Structure formats: C-alpha cells, structure tokens
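The values are calculated or read from the model by the stated rules, or taken from the named source; none is laboratory data. From a predicted model like this one, the values you see are computed outputs, not experimental measurements. Glycine gets a Cβ as well: all are built from the backbone with ideal geometry, and neighbour counts include every protein chain shown.
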Amino acid sequence: MNRQRTDKSGETSAQGRPTLKTLAFMTGLGVTTVSRALKDAPEIGAETRRRVQLVAKQIGYRPNRAGVRLRTGRTNVISLVLNTDREIMSFVSDIIYGVSEVLAETPYHLIVTPYSRSQDPMEPIRYLVETGSADGVIISRTQPNDPRARYMLEHGMPFATHGRTDMGLVHPYHDFDNHVFAM
C-alpha cells in the first residue's frame, strides 16, 4: 500500500500530510514566508499571517516534529517516568491528567516512559538524557537518596520530581506534607 501523496507543487509527504511547501503553493507565498507567518514573526504582515494560519488550520497542517527537532534541537516532549510495578492506577491517571492539562496550552507533548521492578530505575533516565528524547523529565516516586535527581542535575536535564530528595539538591518538586495531613 503506497501511503505517499503528491500535491500539485510536487511536494510528497510519506504520511500524506500537508507540508510547508503545500501551504506555500496554496497561499501563493514562499516557503520562508509561510514558515515565518506560522511562527507569528513580526516582519510578516498581520493579513498574511492570518491567511497562512487559516489555510494551515483548514488543511490540518502540523509541523513535522522531526524537522522541528533538527532545526531547534528541541523535542517538545516531556517524559513522565513511571514504575509500572508500584504505581496505583488512579494515581497514574490523576498525574497523567494533571500534567496533560498543564501542557495542553503549550507546544509540549507528554510521553510516559515506564520501567518495571526488574529494571534499574536509572535505565530510562540514562536513555532519555543520552538520546535527547525529551526536553524535560518528571520522576514519580522519588526516594530520599535518589540517584536519578543527581544524574539529571549533573547532565543539565531539566526535571521535576513527585516527592523530595534529602540530598541537598535544589530542584523543582511536588510533594504532600504528610505531617499536616496526619493532624
């Protein structure tokens, strides 16, 4: 089955998705102008930006994430690292829902990176850092002396934790005050 589609400009997308060249052809503008209009560049007139963005919406244009990554070095991905053996389903769905709600108004997407009891908890962290698969990481079930937090600080990977460490490391976290809840 051939999944390629060619538009009149000769631009082919492997998945049949519209490209910047498709938008340029449909609007009668250059690819650079279309790209800048989609980014709300101030040097592009308001009417041109509006027209390009309208056509992009009508044809379902979405930037190719691989292309964006090549140009910017960013993935627009936040990875939530979860231990599949220890997480409680309602907790997992609550945290995924909460993070997704926050990310909904941003260009970021959430991916879940699971690991099991049989795996070293550092394995998914090393993979994410070494491959550049995410722009940031959220670690669930942080331990008081958690090597994952130190590793990410040492490697400059932005991260936040659900739970605190007791290692004197400064990093963003979310935690419950169990002492207050017990009162």
- Query: Is it the case that the range 99-114 has a residue that's assigned by TED's automatic domain parsing to the domain that holds Arg148, free of Cβ contacts under 8 Å to residues at least 40 places away in the same chain, over 27 Å from Tyr151 (Cα atoms) and not small (Gly, Ala, Ser)?
  - Reply: yes
- Task: All but one of (1) surrounded by fewer than 11 Cβ atoms within 10 Å (Cβ to Cβ); (2) outside any helix (DSSP H, G or I) hold for Ser90, so report the exception by its number.
- Result: (2)
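Within the range 24-55, which residues are assigned to a loop (DSSP other than H, G, I, E, B), among the small types (Gly, Ala, Ser) and closer than 20 Å to Thr106 by Cα?
Ala41, the sole residue that qualifies.
Among what's in the range 50-64 and is free of Cβ contacts under 8 Å to residues at least 40 places away in the same chain and surrounded by 13 or more Cβ atoms within 10 Å (Cβ to Cβ), pick the residue that is nearest to Thr33 (Cα to Cα). Break it down stepwise before answering.
Going through the range 50-64, the residues free of Cβ contacts under 8 Å to residues at least 40 places away in the same chain turn out to be 50-58, 63.
Next, only the ones that are surrounded by 13 or more Cβ atoms within 10 Å (Cβ to Cβ) stay: 51-53, 55-56, 63.
Details: Arg51: 12, Val52: 9, Gln53: 12, Val55: 14, Ala56: 13, Pro63: 15 Å.
Of everything passing the filter in the range 50-64, Val52 is nearest to Thr33 (Cα to Cα).
Given the residues Val129, Val68, which is the only one that is within 30 Å of Arg36 (Cβ to Cβ) and part of a helix (DSSP H, G or I)? Lay out the reasoning, then the answer.
Numbers: Val129 fails: within 30 Å of Arg36 (Cβ to Cβ).
Val68 is the lone residue from the list that is within 30 Å of Arg36 (Cβ to Cβ) and part of a helix (DSSP H, G or I).
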- Task: Take the residues in the range 43-76 that are more than 14 Å from Gly132 (Cα to Cα) and among the small types (Gly, Ala, Ser), then tell me which one is modelled with the lowest pLDDT.
- Result: Gly67
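Yes or no: Ser100 among the hydroxyl-bearing types (Ser, Thr, Tyr), within 30 Å of Leu20 (Cβ to Cβ) and surrounded by fewer than 15 Cβ atoms within 10 Å (Cβ to Cβ)?
On the way: among the hydroxyl-bearing types (Ser, Thr, Tyr): yes; within 30 Å of Leu20 (Cβ to Cβ): yes; surrounded by fewer than 15 Cβ atoms within 10 Å (Cβ to Cβ): yes.
So Ser100 fits the description; yes.
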- Task: Kindly indicate whether any position in the range 56-71 is under 23 Å from Arg148 (Cα atoms), β-branched (Val, Ile, Thr) and out of contact with any strand residue (DSSP E or B) (no Cβ under 9 Å at 6 or more places or on another chain).
- Result: no
